[in-house]
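Student: Here it is, the structure in full.
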Amino acid sequence: MPDSQEHSPPQHVAIIMDGNGRWAEARGRSRSEGHLAGAEPVRTILKAAHRQKVRYLTLYAFSTENWARSKEEVENLFSLLVRYLDSETAELLTSGVRLRGVGDTGRLPEATRAALAQAEELTAGNTELTLSLALSYGSRAELTQAARNLAQEAQKGLIDPSAVTEEDFARRLWTGILPEVDLLIRTGGDQRISNFLLWHLAYAELYFTDTLWPDFGEEDFLLALNDFQGRRRRFGRA
Ligand code: FPP
């Protein structure tokens, strides 16, 4: 691990896209209209990240806790997601972006799973930037299922419990292939992690902004990257 990454761009940026509801409320619109407005910065930030040579962009699009929202809001969010995948996959394909869904994706509605599977398959050969959409995602559930998998394999005698490494564990996470997060951005004013990528955030730099997600533009993203590049990362060393 490098002693410091001053002046180099982050390889992996993760974003908690918060504030769609408040953005809509302030305009007398429905929460779903806030999510619709939130799809635009997804496009903008993906392009900006690509230009800035970010290799992994991971977006928190739907948490396990979000299932508790109204049926209408949940349905609208998933239909928005399907529309996004339908309209953007061709562009992702030609621009070198690989798309992945990470989370308890078996719980997603059939149409969402199908659109996701198609986009994943089509873009599987792309290597410039990996866009991961965290869907029905919760870190504790992810860590628990990884532990469960390891325990079952040990019970069957496939692995030796005393020889389990961090890599063995990481490989069993939904987000397994992702490298550590360098920079976590959270929009919308709250300063918390909300059960997102707990394993990969171990040494991440955290960046919080009051800007609501639908208002978050390229300039805001560049400010966050600039802030990151000015930080000295020590990874627990002196
Ligand atoms: C949090 O804002 C946001 C979400 C739960 C959904 C995120 C979804 C999008 C940005 C839509 C587009 C996504 C893709 C990938 C096309 P909130 O509703 O909790 O806002 P609030 O805190 O103001 O209520």
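The values are calculated or read from the model by the stated rules, or taken from the named source; none is laboratory data. Computed from a predicted model, the values in this text were never measured in an experiment. FYI the Cβ positions are ideal-geometry reconstructions off the backbone, even for glycines, and counts take in every protein chain you see. These accessible areas exclude ligands, DNA and RNA; they are computed on the full protein's heavy atoms, side chains included. Shrake-Rupley method; radii C 1.70, N 1.55, O 1.52, S 1.80 Å.
Student: Can you put Glu218, Glu167 in order of accessible area, largest first, using a 1.4 Å probe? Write out the running numbers ahead of the final one.
Tutor: Details: Glu218 60, Glu167 115 Å².
Putting Glu218, Glu167 in descending order of accessible area: Glu167, Glu218.
Student: For a paramagnetic label modelled at 7 Å from the Cα of Ile159 toward its Cβ, which residues of the stretch 166-197 fall within the zone defined by backbone nitrogen distances under 13 Å?
Tutor: Those under the cut-off are 166-174, 176.
Student: List the residues whose amide H sits under 5 Å from the amide H of Gly101, counting only those 5 or more places along or on another chain, with H placed 1.01 Å from N in the peptide plane.
Tutor: Those lying under 5 Å, H to H, from Gly101 are Leu133.
Student: Using helices alone, what [θ] at 222 nm do you get for the chain, with -39,500 (n - 2.57) per DSSP H run of 4 or more residues, divided over all residues and rounded to the nearest 500?
Tutor: -13500 deg cm²/dmol
Student: Hey, another quick one. Label-point separation (nm) for Arg140 and Gln229, each offset 7 Å from Cα along Cα-to-Cβ?
Tutor: Rounded to a tenth, the inter-label distance reads 3.9 nm.
Student: Any idea how far the Cα center of the stretch 143-192 sits from the one of the stretch 199-235, in Å?
Tutor: If you average the Cα positions of each part, the centres end up 24 Å apart.
Student: When ranked by the protection proxy of mean other Cβ atoms within 10 Å per residue, highest first, what sequence do the peptides 12-25, 133-146 form?
Tutor: On the way: 12-25: 21.7, 133-146: 19.9.
Descending packing order for the listed peptides: 12-25, 133-146.
Student: Tell me the relative contact order for the chain as a rounded percent, counting alpha carbon contacts under 8 Å between residues six or more apart. Could you put the intermediate results ahead of the total?
Tutor: Numbers: 379 pairs, mean separation 74.8, N = 238.
After rounding, I find 31 percent.
Student: Hey, what's the chain come to in accessible area per residue, 1.4 Å probe, Å²? Please report the intermediate quantities before stating the final value.
Tutor: Working: 11870 Å² over 238 residues.
Value for the chain: 50 Å² per residue.
Student: Of the accessible area of the chain, with the probe set at 1.4 angstrom, what percent is carbon plus sulfur? The partial results should precede the final answer.
Tutor: On the way: 5690 of 11870 Å².
Result for the chain: 48 percent of the exposed heavy-atom area is carbon or sulfur.
Student: Pulled fully out, how much extra length does the chain show between Glu72 and Ser95, if you take 0.36 nm times their separation in residues and subtract their Cα-Cα distance?
Tutor: Details: separation 23, 0.36 × 23 = 8.28 nm, distance 3.36 nm.
Full-extension gain reported as 4.9 nm.
Student: Same structure again: Quote the FRET efficiency, to the nearest 0.05, computed for Leu80 versus Lys53 with a Förster distance R0 of 30 Å and r equal to the Cβ-Cβ distance.
Tutor: Details: r = 29 Å, r/R0 = 0.96.
The pair Leu80/Lys53 has a calculated efficiency of 0.55.
Student: What is the dipole size for the stretch 93-238, taken about its Cα centre, with +1 at each Lys and Arg Cβ and -1 at each Asp and Glu Cβ, in debye to the nearest 20?
Tutor: Details: 16 positive and 21 negative charges, 102 e Å.
Dipole size: approximately 500 debye.
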